[in-house]
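Here is the structure we will look at, set down as structure tokens.
We did not get these values from a lab; they are worked out from the coordinates using the rules stated. What you see is a predicted model; the values in this text were computed from it and never measured. Counting neighbours? That spans all protein chains shown, and the Cβs are built from the backbone with ideal geometry, glycine included.
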Amino acid sequence: MKAYTRVYVVQCKTPGYFYVGSTSRLPYMREAEHREGWGAQWTMRHGFKRMLFMLLVPQRACKQLEDALTVWLRAATDGGS
């Protein structure tokens with residue numbers, strides 16, 4: 001049986017900043033954590049604006065997708081996160 005996890009992207013309140021993360025929790029639970037200010041150091045620092053998307057992926061592909069999204073977002077936003 002395959003294990004799955006969710007990879008997601010958060011748009012931060014700081015213009016041009018994003019957070020790429022992963023979780024095994026339900027989407028609404030993880031979004032609430034970020035919204036309430038204790039989801040991650042990055043979103044605590046830059047604020048939570050909205051969850052852009054969340055994908056359910058095989059666990060073995062999670063880190064690779066997270067890294068690829070981070071690189072793409074940095075290039076697309078001229079160095080924001």
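Summarised in one figure, the compactness ratio Rg/Rh of region 6-81, Cα atoms and Kirkwood Rh, is 0.95. Please check which bits of region 50-65 a label hung off Lys2 would reach, taking the label as a point 7 Å along Cα-to-C-beta and the cut-off as backbone N under 12 Å. Counting backbone N atoms under 12 Å from the label point, the list is 56-62. Amide H contacts of Leu52 (H built 1.01 Å from N, in plane; Pro and chain starts excluded): Val9, Val10, Gln11 sit under 5 Å, all sequence-distant by 5 or more or on other chains.
Of all lysines in the structure, the ones whose alpha carbon falls short of 30 Å from that of Lys2, not counting any fewer than 8 places away in one chain, are Lys63. Between Arg45 and Leu26, the distance separating the two model label sites (each 7 Å from Cα on the Cα→Cβ line) works out to 3.2 nm.
Rounded to the nearest 10 degrees, the inclination of helix 59-76 to the longest alpha-carbon principal axis of the chain is 20 degrees.
By the rule of a C-alpha distance below 16 Å, with chain neighbours fewer than 8 residues away ignored, the lysines paired with Lys13 are Lys49.
Descending by average beta-carbon neighbour count within 10 Å, the peptides 24-35, 42-53 line up as 42-53, 24-35, the highest first.
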